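What follows is a single structure, written as structure tokens, with notes after it.
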Amino acid sequence: MSENDESVVLKPRESYDIARLQLESEFERFLEHPLGPALEAVTGAFALGAKHFGVSAGRIAQAILKGQMYEQLAEEMRSLREAGKLPENPGATKHEIFTWAELMKFIDDECPDSERLDVLKAAFYSVNKVNQSDAEQIVSYQLWQIAKELRSGDILLMRAMYEAINRTPVKFHGDWAEQMVKESGLAVPELLERHEKRLTDMLLMSPRLLISGDIVNGEHSSINSQNNRLTQLGYRFCKNIETYEIDLENSRMTE
């Protein structure tokens, strides 16, 4: 470096602190004006002019949907923060910075449906909520990564499985599929099987097993009745969603 070179090399910790302060500022700005990003998209669409009307109409429709998502997200984050469930200033750890940046990017890039957005908010909350250990936050961050991969049908099936745990257990292989088709809203058995395969590959639910037990179509079978086929990972994931919904409801009641 020459004597006249006035550039400043930041240490890693200094760079992190600057990023954290910027995050705090952006987080506050978002909570106060959640429609900002959506309005910018609408303004940009109109600026394209009439010859781009087809593209503009699509951008406007997406901006409206995103605006609704931003408003809902901001309202829920404010409620949880005021109830002491979220920190006043996010960004105390790298996981908090990453999840906030990724959540906003995910909404902007993919405009997720309500099922996916609900799961993302729950996973975000799990990483960022107050009074958790480093180990708990690491696990929550891994669940956040999983949340980004799930499709709406995966989520519908997992919710149905989780909600059925405390009800009368399903005894037979065929009964399980028939019940989950009905309760998940997937309606068609082949749709259930598609999402069942994805969740099994992701280790969120256990595969169908043939072992000694009830006889179905001449074979001995088991439906892995413990936790209605949810693995420990799948059960923890669903529990996070339930915790978010309960904490959000309680925080709204105290307002």
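The values are calculated or read from the model by the stated rules, or taken from the named source; none is laboratory data. Since we're looking at a predicted model, the values are computed, not measured. Counting neighbours? That spans all protein chains shown, and the Cβs are built from the backbone with ideal geometry, glycine included. What goes into the accessible areas is simple: the full protein's heavy atoms, side chains included, and nothing from ligands, DNA or RNA. Shrake-Rupley method; radii C 1.70, N 1.55, O 1.52, S 1.80 Å.
Every residue, every condition in (1) of a type outside the set (Gly, Ala, Ser); (2) in contact with a helix residue (DSSP H, G or I) (Cβ under 7 Å, 6 or more places away or on another chain); (3) assigned to a strand (DSSP E or B); (4) modelled with pLDDT under 95, yes or no:
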position	(1), (2), (3), (4)
Ile215	yes, no, yes, yes
Ser221	no, yes, yes, yes
Asn227	yes, yes, no, yes
Leu233	yes, no, no, no
Cys238	yes, yes, no, no
Glu242	yes, no, no, no
Asp247	yes, yes, no, no
Arg252	yes, yes, no, yes
Glu255	yes, yes, no, yes
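Tell me which residues, restricted to region 119-134, are of a type in the set (Ser, Thr, Tyr) and surrounded by 19 or more Cβ atoms within 10 Å (Cβ to Cβ).
Selection gives Tyr125, Ser126.
In region 72-126, what count of residues is obtained for those that are in contact with a Gly (Cβ under 9 Å, 6 or more places away or on another chain) and either of a type outside the set (D, E, K, R) or free of Cβ contacts under 8 Å to residues at least 24 places away in the same chain (or both)?
2
Kindly check whether there is at least one residue in region 41-59 that is modelled with pLDDT under 55, open to solvent by 30 Å² or more (accessible area, probe 1.4 Å), touching a helix residue (DSSP H, G or I) at 6+ places or on another chain (Cβ under 7 Å) and part of a loop (DSSP other than H, G, I, E, B).
Taking every residue of region 41-59 in turn, at least one turns out to be modelled with pLDDT under 55, open to solvent by 30 Å² or more (accessible area, probe 1.4 Å), touching a helix residue (DSSP H, G or I) at 6+ places or on another chain (Cβ under 7 Å) and part of a loop (DSSP other than H, G, I, E, B).
Do you know which of the residues in region 125-173 that are hydrophobic (A, V, I, L, M, F, W, C), under 22 Å from Leu73 (Cβ atoms) and at pLDDT below 95 is farthest from the chain's Cα centre (by Cα)?
Narrowing region 125-173 to residues hydrophobic (A, V, I, L, M, F, W, C): 127, 130, 135, 138-139, 143-144, 146-147, 150, 155-158, 160-161, 164-165, 170, 172.
Right, trim to under 22 Å from Leu73 (Cβ atoms) and you get 127, 130, 143-144, 146-147, 150, 155-156, 158.
Going one step further and asking which of them are at pLDDT below 95, we end up with 127, 130.
Details: Val127: 11, Val130: 18 Å.
Applying the filter and picking the extreme gives Val130.
Within the bounds of region 135-149, is there any residue that is open to solvent by less than 10 Å² (accessible area, probe 1.4 Å), of a type in the set (Ser, Thr, Tyr) and touching a residue at least 60 places away in the same chain (Cβ under 8 Å)?
For region 135-149, residues open to solvent by less than 10 Å² (accessible area, probe 1.4 Å), of a type in the set (Ser, Thr, Tyr) and touching a residue at least 60 places away in the same chain (Cβ under 8 Å): present.
Sort out which residues of region 110-133 are among the small types (Gly, Ala, Ser) and not in a helix (DSSP H, G or I), and write them in order of number.
Within region 110-133, Ser133 is the sole residue that qualifies.
Search region 82-103 for residues being in a helix (DSSP H, G or I) and open to solvent by 40 Å² or more (accessible area, probe 1.4 Å), and hand back the single one that is farthest from Ser152 (Cα to Cα).
That would be Glu82.
Looking for something within 30 Å of Met253 (Cβ to Cβ) and either at pLDDT 60 or above or open to solvent by 70 Å² or more (accessible area, probe 1.4 Å) (or both) - is there at least one such residue anywhere in region 2-19?
The answer is no, given that none of the residues of region 2-19 is within 30 Å of Met253 (Cβ to Cβ) and either at pLDDT 60 or above or open to solvent by 70 Å² or more (accessible area, probe 1.4 Å) (or both).
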